[in-house]
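Accompanying notes for the structure given below.
The values are calculated or read from the model by the stated rules, or taken from the named source; none is laboratory data. The structure displayed is predicted, hence computed values, not measured ones. Every residue, glycine as well, gets a Cβ built from its backbone with ideal geometry; the counts of neighbours run over all protein chains shown.
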Amino acid sequence: MGNTYHQDRGEVPPPPAGCPVHRDWSPLNADYLEEPYAIAGQLQADHPTFYSEKLGYVVVTEMEELDRIFTDHETFASTNVQDPMYKLCPEAQEVLSAPDFNPVAVMSNRPEPDHGRIRVHTRQGFSNKRIKTLEPYIRRRSDELIDTMVQARPPTEFVQAFAFPLPGETVFRFIGFPEGDDELLKGWCGDRKAFSWGLPTEEQQAEIAEQMLAYWRYCREFTADKRKNRGDDLASELITAHEQNPGAMTYQEVESVIYGLSFAGHEAVTALICNSLLCLLNHREQWDEVCADPLLIPNAVEEVLRYNSSQIAWRRVTTEDTQVGGFDVPAGTGIFLNFASAHRQDDIWDNPDEFDIHRPNANRHISFGKGVHFCLGAKFAKFETALMLEAVSRRLPSLRLVDQEFDYFPNITFRGPSRLHLTWD
């Protein structure tokens, strides 16, 4: 495809010798998309490590083995985390073979030592000071969006009214994109999770590829313009860091960080704010506690990340022959890391199938990964979600769910309702 940010999936190695093979299960199965936790628990009970024939991946379900894989970045590389799950059709490959579509792997999918070299600069951009500078914006926009909901009168569809626009706009302000481009950018972002983590049709693949190419061209033009017109934003900081030490981070890497972060920085937060409301409004006494005491919100967010996470799986690929779950696994094997099973282990949490905002070790979850590739924006995502929850609980304490069926966008990683209908008094 002519780039290293999204690599087309090559030949799939056969199942490891002796490893149990599951012929029917996939995280894209309709029943699993609807309610993964009971199924994930049964998968773990049957075979803690197995091979999914539908995925072509070895599936790992236990926390101890997940921890080991995350922390051994040399044997288990992250280079496949942005790649399409399945082989791309020729039309999509042709679109992405455009000579100017050349983003490079930078953060989640870049191996060491380059990952560490780049992360030094991006981590500075995620400093507590910069995160705090966005607090007034998040509070103001939260109130504005709630005002619009109130004026339109209940009920409301919360994803479009609040949970989708606000995280996107926040990360766009963080990067430095102009407000006038928000709708354009959100349109381009909408289908990226289908490309890397779903099973789009060939027609959809080609359409998403066109959007990604347009998005990349926008990011390149934006970076070039920002080079001339600096501001108080992450893009300006990265360009300055590049100019001060071009050997530490190339200009193309700056462009690619902006391209990658502008999607990764909000998709999971949209799901997290929706999952938080689903959990809390289904446990009314805990919602009332949060409304009465906002200091309970940070730990409530941690418990949501454990109990009903916005990211329920991630991927790795073996760089050498190794062992996984006691089985000999050849180099080049995809590893599917199943958080949904690990987050309900009763040897780690008491009564793990219960939602409890007072749980003392709620933050033991691995929703943001672990090791050198621990999610750079984890603190930002939790801070942002807490501020949004604070605004909603303060303004709409009588909020409640409308009777509805929930739909989850078919993908292997991100989980949150596509629509969330709410009402209030």
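Quick rundown of the values:
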| read-out | value |
| --- | --- |
| Matching residues in the stretch 258-289 - criterion: being among the aliphatic types (A, V, I, L, M), surrounded by fewer than 24 Cβ atoms within 10 Å (Cβ to Cβ) and at pLDDT 95 or above | LEU278, LEU281 |
| Considering residues of the stretch 155-180 that are over 15 Å from LEU422 (Cβ atoms) and acidic (Asp, Glu) only, the residue surrounded by the most Cβ atoms within 10 Å (Cβ to Cβ) | GLU169 |
| Near pairs, Cβ below 7 angstrom, 6+ apart or cross-chain, from the stretch 405-425 (in contact (Cβ under 8 Å) with a residue 40 or more places away in the chain and closer than 13 Å to GLN311 by Cα) to any residue that is among the acidic types (Asp, Glu) and surrounded by fewer than 16 Cβ atoms within 10 Å (Cβ to Cβ) | TYR408/GLU34; PRO417/ASP407 |
| Of residues in the stretch 18-38 being in contact (Cβ under 8 Å) with a residue 40 or more places away in the chain and within 23 Å of PHE327 (Cα to Cα), the one surrounded by the fewest Cβ atoms within 10 Å (Cβ to Cβ) | GLY18 |
| Single condition GLY369 does not satisfy, out of (1) closer than 17 Å to ALA77 by Cα; (2) surrounded by fewer than 18 Cβ atoms within 10 Å (Cβ to Cβ); (3) of a type outside the set (Lys, Arg) | (2) |
| Complete set of residues in the stretch 227-257 that are exposed (fewer than 14 other Cβ atoms within 10 Å of the Cβ), among the acidic types (Asp, Glu) and at pLDDT 90 or above | GLU243 |
| Test: residue in the stretch 245-258 that is under 29 Å from ASN411 (Cα atoms) and either among the hydroxyl-bearing types (Ser, Thr, Tyr) or touching an Asp or Glu at 6+ places or on another chain (Cβ under 7 Å) (or both) | yes |
| Pairs, first among the polar types (S, T, N, Q) in the stretch 288-313, second assigned to a strand (DSSP E or B), C-beta under 7 Å, six or more apart | SER310/PHE414; GLN311/PHE414 |
| PHE336, sole failed condition from (1) among the hydrophobic types (A, V, I, L, M, F, W, C); (2) at pLDDT 95 or above; (3) over 29 Å from GLN42 (Cα atoms) | (3) |
| Options GLN323, GLN345: the member that is over 27 Å from ARG400 (Cβ atoms), polar (S, T, N, Q), surrounded by fewer than 17 Cβ atoms within 10 Å (Cβ to Cβ) and touching a residue at least 40 places away in the same chain (Cβ under 8 Å) | GLN345 |
| Answer residue from the stretch 396-425, given it is basic (Lys, Arg) and crowded, with 16+ Cβ neighbours inside 10 Å and is modelled with the highest pLDDT among those | ARG400 |
| Test: residue in the stretch 370-382 that is in contact with a Leu (Cβ under 7 Å, 6 or more places away or on another chain), modelled with pLDDT under 95 and not aromatic (Phe, Trp, Tyr) | yes |
| Residue within the stretch 108-124 that is modelled with pLDDT of 90 or more and among the hydroxyl-bearing types (Ser, Thr, Tyr) present | no |
| Helices (runs of 4 or more DSSP H) wholly inside the stretch 12-89 that include at least 2 residues being touching a strand residue (DSSP E or B) at 6+ places or on another chain (Cβ under 6 Å) and under 19 Å from CYS375 (Cα atoms) | 63-71 |
